[in-house]
Ligand SMILES: Nc1ncnc2c1ncn2[C@@H]1O[C@H](COP(=O)(O)OP(=O)(O)OP(=O)(O)O)[C@@H](O)[C@H]1O
Ligand SMILES: [Mg+2]
């Protein structure tokens, strides 16, 4: 076969893949979010007859979108920071200290990923009830998110700590640096990309986490995913759901772009997360 | 190690691994204990097998176990089966391969609920898929695709969401096989299938097991896809559990929860084991 | 064992031409070395012969059959990789048997051949180990065995010794040659080590920048290089520009060179009026002679044990001499001469 033919076939396959895989679903969502209520979008029309940003404005004014956005965007960064703070000491121990049982400790960190999310959510809420703490839903969800998302942070930070070079630390010590200065000079440069990556990943996961927010938060505490879930439920209004779906996906795309940048500038072994 | 060093290590581990162990441990303990009648939120708390007994007598319970396993198994299987050829195809960079890889992996960024919405949007009664099938003359009238009886919709959705993850793991593994090793196999007369069976598959087995197990656990415990796009006459285990919890029947919910954990655990072990047997021809080293 | 006939082969990668106009034939049972600097296209040519690359032009025949478009798995060639490329998950036994299993050779014959091969390569004790449990030399022999057990018509080696230490290299080199001769295999062997090429081969093919500079037996290559690249790459030479002034008697050419008037005795006819000529540092005699003599001032001396390297100045140009006389020191003037047959005519000056 000629190279040109192969390239052509590849181009077409690429376009088809793109279309089926991403473009069609997202275009449909965008179009639906623009449907103006004055005239419905019926099956016989290729495009919505009247398009406007009415739905966006409507959702903003009349649904729990604002509290949901507020909750999600307070919760996620808090969870990211709390998780990082909780994970770092463990990551330091796993990354820089040789002790018996290290492998076991590493396995235990994976537990939250193995226990199904809804089991965790339901019995965590049961514990909260038993302890009488169910009133402070935000705190409970924040705590639960921090624990279940910790495996990612520990994993990333452990790799980062492993990459801190002993000779840098020794050199700093040799030159008489104090403990704080030693951290600044030898640890921080190596840890920075890991810290950013851990924060971003926990942030994204927390934004889209559904099980715990749904079980522990309902009915009074809404986040964007629980709002979307209820919109997809009984009184399903397609254009409204489209607006919410698009809102939920925006931070992911932005964050991922940042993350990609970060990982490219950092050590490649971080991005592959092997092991 | 000195006692002092031990104390340091334990202090460092406490907020991370320690917290995880305590919290997840308590969750598991609570699930098991409640399934056995303890920690009742309303009535008496006492040990009994009553809830297990009753649950094991319900037909809906078995249906739900079977359905969840079905979804979990086929989601994992389809995702990996689709990801393998793609990973091999994308092993060597070519014009546009980066873009194809990025497009294929994009669903990783799409939250599950959004994915579910996008999907039901495409397959809805007046959705673009139905329109298209009618337009090419394949179907005479629109088909009702949402909430189909066999859960095919969920399988498509799970595959869409999870294939990229499998692809990510497998691409890494496949790319770490050196060109020379594959060329050597080819030079010795191994065709495409033989190269896959004898070289690529055995060398990527651990990534494949990881992908299968992780996708299986996620799909077996699925709630939102099932509620939104799944058959209305079936319930997944998670859905079943939430149903009991919502009606305040914590002990029943606990029985289902423990079942779900057991299914996830045993299923994963079986999957990993079966993969090994199939790919290595039963030789365990 | 089979012949290889390569005809006007060309390989382009996009705009870059890696090989150009390669035509060469290899006889049955012949051992041909591909020699050249890094990046000259040796591996590319080997991959073309084994079928991993398709040429952009030209044909390749193996055993008189056109295989230009045949995929590697259907060619009667076996390639020994520089990196060994052993299958890391298979035992040595399974590695060596891999190709036979692909060809569905029956069990008893497989066993027989495996035993012979393991015996020949002294691998009997290693058969149940995995590749990463073997030393470098052993891995090399497994790679060799895996290729040889196929009894291929053509065996190809891509720098098979480059990962071994010097001592092991010598012994494996002898081993490869012995097995090749015993089985009368047609072999193409890639190396960038000129002494390896001279020591092992029936013929050496020198590649430079994707074109063939010369194909010849080692002795010819050394005694009568046809280009200044070959002269310099093999053994080193003093290369000068010269003008051909006439033929004094049949096969004897008068030349005007930077170190004076010289004569060269050669079967070759000069390629042009202005050509390059060369002489080997060790071809110089430290005696006066009626022809081709000159005076050189020694600028530097390096004692090498069995011989001494002298860097000399002749009429303002620097040259190298090799002598067995260790008693010559910088500053001295010496009288030298070159036999007319040691002054070699090379290519025309472009
Ligand atoms: N797939 C390819 N695409 C583009 N250029 C290539 C490709 N393969 C080889 N080349 C180029 O062709 C030239 C010859 O490469 P080749 O690998 O044959 O060199 P070599 O003689 O084997 O060198 P070495 O001694 O370093 O192994 C090099 O300049 C290389 O960059
Ligand atoms: Mg090479």
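List of remarks:
- Taking all pairs of distinct alpha-carbon atoms in the range A:102-220, Kirkwood radius in angstrom: 16.6
- Global geometry of the range A:1-141, whether rounded, prolate or oblate, following the gyration tensor of its Cα atoms and the 1.5 cut on a/c: oblate
- Shielding of A:219-230 by partner chains, average beta-carbon count, 10 Å: 2
- Remark: C-alpha extents of the range B:158-285 on the principal axes read 66, 30, 23 Å, sorted largest to smallest.
- Working note: Cα atoms of the range C:100-215, range along each principal axis, descending, whole Å: 47, 29, 24.
- Take every pair of alpha-carbon atoms less than 8 Å apart whose residues are at least six positions apart; their mean separation over the length of the range C:237-348 yields a relative contact order of 32 percent.
- Cα pair distances in the range B:213-285, grouped into 10 Å bins until the bin that holds the longest one, percent each: 19, 37, 26, 12, 5
- Whole-number percent relative contact order across the range B:42-193, with pairs defined as alpha carbons under 8 Å at least 6 apart: 34
- Helix-only [θ]222 nm of chain A, DSSP H runs n ≥ 4, -39500 (n - 2.57) each, per residue, nearest 500: -23000 deg cm²/dmol
- Calculated [θ] (222 nm, deg cm²/dmol) that DSSP helices of n ≥ 4 give over chain C, each run adding -39,500 (n - 2.57): -7000 deg cm²/dmol
- Per-pair calculated FRET efficiency, R0 = 25 Å: residue B:46 and residue A:131 via Cβ, rounded to 0.05: 0.75
- The relative contact order of chain B, computed from alpha carbon pairs under 8 Å that lie at least 6 residues apart in sequence, is 27 percent.
- GNM result for chain A, Cα springs below 10 Å: residue of A:209, A:103, A:260 fluctuating most strongly: A:103
- Simple label model, 7 Å out from Cα along Cβ direction - residue C:59 to residue B:139, nm: 5.7
- Cα gyration tensor category, rounded, prolate or oblate, for chain A with a/c compared to 1.5: oblate
- Shape of the range B:1-116, Cα gyration tensor, a/c cut at 1.5: oblate
- Taking 0.36 nm per residue of separation and subtracting the current Cα-Cα distance, fully stretching the chain between residue B:98 and residue B:273 would add 59.6 nm.
- Taking the three principal axes of the alpha carbon atoms in the protein assembly as shown, the coordinate ranges are 124, 77, 65 Å, sorted in descending order.
- Each peptide in C:316-327, B:78-89 receives the mean, over its residues, of other Cβ atoms within 10 Å, and ordering these scores from highest gives B:78-89, C:316-327.
- For the range B:59-282, the equivalent ellipsoid derived from the Cα gyration tensor has semi-axes of 34, 25, 14 Å, listed largest first.
- The helix-only estimate of mean residue ellipticity at 222 nm for chain B, built from DSSP H runs of length n ≥ 4 each weighted as -39500 (n - 2.57), is -22000 deg cm²/dmol after division by the residue total.
- Considered as an equivalent ellipsoid built on the Cα gyration tensor, the range C:235-348 has semi-axes of 26, 13, 13 Å, the largest given first.
- Between the Cα long axis of helix C:107-120 and the first principal axis of chain C there is an angle of about 30°, rounded to the nearest 10.
- Across all C-alpha atoms in the range B:60-108, the radius of gyration and Dmax reach 16.1, 52 Å.
- For chain B, a Gaussian network of Cα nodes joined below 10 Å ranks B:42, B:163, B:55 by mean-square fluctuation, and the top entry is B:42.
- Taken over the range C:4-228, the convex hull of the Cα atoms encloses 126 Å³ per residue.
- Separation of the range C:203-270 from the range B:234-256 is 92 Å, based on Cα centroids.
- Take the Cβ atoms of residue A:8 and residue C:28, set R0 to 41 Å, and the FRET efficiency comes out at 0.40.
- Among A:143-152, C:5-14, sorting by the average number of other beta carbon atoms lying within 10 angstrom of each residue, highest first, gives A:143-152, C:5-14.
- Rounded to the nearest 10 degrees, the inclination of helix C:136-148 to the longest alpha-carbon principal axis of chain C is 70 degrees.
- Between the C-alpha center of the range C:303-350 and that of the range B:108-148 there is a gap of 86 Å.
Every number in this text was worked out from the coordinates using simple rules, so none of it is lab data. For clarity, every value in this text was computed on a predicted model and none was experimentally measured. Methodologically, a virtual Cβ is constructed for each residue, glycine included, from the backbone with ideal geometry; neighbour enumeration extends over all protein chains shown.
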